[in-house]
């Protein structure tokens with residue numbers, strides 16, 4: 001079955017829609033995700049076909065090197081500041097959508113925790129998920 005995923009920023013200036021299934025759903029505890037989220041992790045649904053994600057509105061992009069050294073482009077709304085999606089220079093076909101930007105965040109079904117080596121004891125995540133010290137290869 002193919003699901004449709006829709007969402008966007010808090011003020012509605014940026015919207016997205018895609019059909020298909022994510023190839024990876026995770027909580028990331030890297031330092032950049034902690035700083036951007038204001039808590040211990042960020043949560044993502046990653047899709048393999050960036051070209052199949054329809055995005056309306058203009059996002060502001062902030063590029064940063066991840067723990068792997070690869071550049072990530074964080075896209076957020078310039079009006080309300082909501083983080084909406086990420087793209088990756090080393091993997092240009094992928095797009096990761098912030099789980100909380102979904103119209104129905106209940107569609108997010110995490111399978112893993114990445115960069116657990118940067119995690120904090122106060123950021124309690126489901127211990128039944130696959131746990132990776134870094135990003136799985």
Send over the semi-axes of the range 1-60's equivalent ellipsoid, whole angstrom and largest first, taken as the square roots of 5 times the C-alpha gyration tensor eigenvalues. 22, 17, 9
Per-residue Cβ neighbour rank within 10 angstrom, fewest leading, 101, 43: 43, 101
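Is the shape of the range 1-129 best called rounded, prolate or oblate, per the rule: a/c under 1.5 gives rounded, else a/b larger than b/c gives prolate, else oblate, with a ≥ b ≥ c the square roots of the Cα gyration tensor eigenvalues? Display every interim value, and only then the final one.
Numbers: a/c = 1.44, a/b = 1.25, b/c = 1.15.
The shape class here is rounded.
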Which residues does a label at residue 62 reach in the range 26-53, if reach means a backbone N under 20 Å from a point 7 Å past the Cα toward the Cβ? 27-45
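Give the order of 133, 109 when sorted by the count of other beta carbons within 10 angstrom, beginning with the fewest. Present the calculation step by step, with values, prior to reporting the outcome.
Working: 133 13, 109 9.
Fewest-to-most Cβ neighbours within 10 Å comes out as 109, 133.
Under the definition of Cα pairs under 8 Å and six or more residues apart, what whole-number percent is the relative contact order of the range 4-131? Mind showing how you got there, number by number?
Numbers: 272 pairs, mean separation 38.5, N = 128.
Across the range 4-131, relative contact order equals 30 percent.
Quick check on the exposure proxy: order 135, 71 from fewest to most C-beta atoms within 10 angstrom. Provide the component values of the computation, followed by the final result.
On the way: 135 16, 71 13.
In order of increasing Cβ crowding within 10 Å: 71, 135.
Just so you know, all these numbers are worked out from the coordinates, no wet-lab data involved. Every value quoted in this text rests on a predicted model; they were computed, and no experiment measured them. All Cβ positions, even for glycine, are placed from backbone atoms using ideal geometry, and neighbour counts span all protein chains on display.
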